[in-house]
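Single-structure report; data block below.
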DNA sequence: CAGTTAAACAAACATTTGTTTGGTTAATAT
DNA sequence: ATATTAACCAAACAAATGTTTGTTTAACTG
């Protein structure tokens, strides 16, 4: 029995916590498709290839699972946005905002399940849990606050409205987006162009 | 087997179905606050002043209750928008759209619970139910399709984007709106102004 | 009055829920 | 080899779930 070398046991598979990612993936998948309340621990366990009780070796509760998915989701979408902003032209604040919005949309629409869970409406059961999740999202959205504040606006007071319009329109896109339709980057370009130039006839594009 | 087709909205017989509205209100209240999956029939029954089983005299299932709330919600918000558009200046298509958006926002933010349930993310459990609810909302949103198509746009192709931006930003407002903040009508005015005139310096008309 | 019936109750139903517990396996370390 | 421990299973748990059933109450009608 012990004659076999450790060739079949993947060396890149650490013995400790190597199933955590798989469980989190399954949870994110289910939370996105069914929502938190409608997802059962047995759903998640089944997708992860184990029994419901076994999940409690890795996570102490269903709530902890939701928080972990949120944290991972915020981390991913924030990284994507930060990278896009860094790669964008530092001299063009509109382009920087567009790059951030495109990354946000891409994470939301063509990305995995995590980002969708972050954006989706939060469960209102436990106020404490709700506060935790809202804070996670707010910290992320601060990026857009800074990007919008850097714009040369005709009315500086509009920075807040601009942020709300763009993030709202973007977050709502998951209800009408189709993978065979306009890609996320183009959606972002349209959004930015419209709020930047307006739709009044005669405005130069 | 006399199939009674009594109008449930008929108030001529107070004794018949006079609790329907109360039950629907309770359901809308709970669905808005907790979401559909997290709301129990006992929650609704408790708010309506009866036991869970008694609900089944008025509605055949929890699903039927959700559909009824959606139908009532769409009816209310559609009526509000239609009235606002009729009262608006027929010669100014931008004002007409703004009036519709203001009515939409008002129903969503300062209105009752029904509109929020319509807007909230739909349960994905039963595809058939989901299709029913989506169709209800789509029929309502057709109003905005017509209003946007009537605009004198610098780029006619942008009608679709304009509708998506405005409805998206509006529907997302429930996540950041505070009753002591900017009132719905002013929010609508800001949204319209920005997409109409743009934010490029010097474009103030 | 009796007869009918809308409306609700009281109690149970069979599942499903999140979670706990104790035991089992197999890899690792000593 | 022995001990340890990460990881999981198998089974149960109490509570909660949507729904059904038989019965009761009270208002209307003839």
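The values are calculated or read from the model by the stated rules, or taken from the named source; none is laboratory data. Everything quoted here is computed from the prediction, not taken from an experiment. Every residue, glycine as well, gets a Cβ built from its backbone with ideal geometry; the counts of neighbours run over all protein chains shown.
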Worksheet item: In segment B:58-91, what residues are within 16 Å of DNA strand C (Cβ to nearest atom) and within 14 Å of chain A (Cβ to nearest Cβ)?
Response: B:62, B:63
Fill in: Top-ranked residue of segment A:24-52 - restricted to ones that are within 12 Å of DNA strand D (Cβ to nearest atom) and within 14 Å of chain B (Cβ to nearest Cβ), ranked as farthest from residue A:123 (Cα to Cα)
A:40
Worksheet entry | Index of the failed condition, residue B:23 passing every other in (1) buried (at least 18 other Cβ atoms within 10 Å of the Cβ); (2) outside any helix (DSSP H, G or I); (3) within 11 Å of DNA strand C (Cβ to nearest atom) | (2)
Item to complete: Mind listing whichever residues of segment A:126-145 are under 15 Å from the mean Cα position of the chain (by Cα), within 13 Å of chain B (Cβ to nearest Cβ) and either in contact (Cβ under 8 Å) with a residue 24 or more places away in the chain or in a loop (DSSP other than H, G, I, E, B) (or both)?
Response: A:133, A:137, A:141, A:144
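On the basis of being surrounded by fewer than 11 Cβ atoms within 10 Å (Cβ to Cβ), part of a loop (DSSP other than H, G, I, E, B), more than 13 Å from DNA strand D (Cβ to nearest atom) and modelled with pLDDT under 95, does residue A:5 make the cut?
Working: surrounded by fewer than 11 Cβ atoms within 10 Å (Cβ to Cβ): yes; part of a loop (DSSP other than H, G, I, E, B): yes; more than 13 Å from DNA strand D (Cβ to nearest atom): yes; modelled with pLDDT under 95: yes.
Yes: the conditions hold for residue A:5.
Would you confirm, using the coordinates I've provided, whether residue A:55 is surrounded by 22 or more Cβ atoms within 10 Å (Cβ to Cβ), more than 14 Å from chain B (Cβ to nearest Cβ) and modelled with pLDDT under 95? Walk me through it before giving the result.
On the way: surrounded by 22 or more Cβ atoms within 10 Å (Cβ to Cβ): yes; more than 14 Å from chain B (Cβ to nearest Cβ): yes; modelled with pLDDT under 95: yes.
The answer is yes for residue A:55.
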Worksheet entry | Hey, residue B:148 within 12 Å of chain A (Cβ to nearest Cβ), in a helix (DSSP H, G or I) and either more than 21 Å from residue A:121 (Cα to Cα) or touching a residue at least 24 places away in the same chain (Cβ under 8 Å) (or both) or not | yes
Worksheet item: What residue, among those in segment B:152-180 that are more than 7 Å from chain A (Cβ to nearest Cβ), farther than 25 Å from residue B:67 by Cβ and in contact (Cβ under 8 Å) with a residue 24 or more places away in the chain, is surrounded by the most Cβ atoms within 10 Å (Cβ to Cβ)?
Response: B:166
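Has segment B:105-113 got any residue that is touching a residue at least 60 places away in the same chain (Cβ under 8 Å), within 10 Å of chain A (Cβ to nearest Cβ) and under 18 Å from residue B:193 (Cβ atoms)?
Restricting attention to segment B:105-113, the residues satisfying the condition of being touching a residue at least 60 places away in the same chain (Cβ under 8 Å) are B:105-106, B:108-110, B:112-113.
Subsequent filtering for residues that are within 10 Å of chain A (Cβ to nearest Cβ) retains none.
Checked segment B:105-113: no residue is touching a residue at least 60 places away in the same chain (Cβ under 8 Å), within 10 Å of chain A (Cβ to nearest Cβ) and under 18 Å from residue B:193 (Cβ atoms).
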Worksheet, complete the sentence: Expected single match for within 9 Å of DNA strand D (Cβ to nearest atom) and at pLDDT 90 or above among B:64, B:21, B:80, B:68 is B:64
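Could you please let me know if residue B:45 is within 24 Å of the chain's Cα centre (by Cα) and within 14 Å of DNA strand C (Cβ to nearest atom)?
Numbers: within 24 Å of the chain's Cα centre (by Cα): yes; within 14 Å of DNA strand C (Cβ to nearest atom): yes.
Taking the combined requirement at face value, the residue satisfies it.
Taking helices (runs of 4 or more DSSP H) that do not extend beyond segment B:37-125, which have at least 3 residues that are at positive phi and touching a helix residue (DSSP H, G or I) at 6+ places or on another chain (Cβ under 9 Å)? Steps first, answer last, please.
Values: elements: B:41-48, B:55-58, B:62-87, B:93-109, B:113-119.
Per the criteria, no element qualifies.
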Item to complete: Could you list all residues from segment A:181-205 that are within 7 Å of chain B (Cβ to nearest Cβ) and outside any helix (DSSP H, G or I)?
Response: A:198, A:199, A:200, A:201, A:202, A:203
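Inspect all residues belonging to segment B:105-126 and state whether any of them is out of contact with any strand residue (DSSP E or B) (no Cβ under 7 Å at 6 or more places or on another chain) and more than 22 Å from residue B:32 (Cβ to Cβ).
We begin by selecting, within segment B:105-126, every residue out of contact with any strand residue (DSSP E or B) (no Cβ under 7 Å at 6 or more places or on another chain); these are B:105-126.
Within this subset, residues satisfying the condition of being more than 22 Å from residue B:32 (Cβ to Cβ) are none.
No, segment B:105-126 contains no residue that is out of contact with any strand residue (DSSP E or B) (no Cβ under 7 Å at 6 or more places or on another chain) and more than 22 Å from residue B:32 (Cβ to Cβ).
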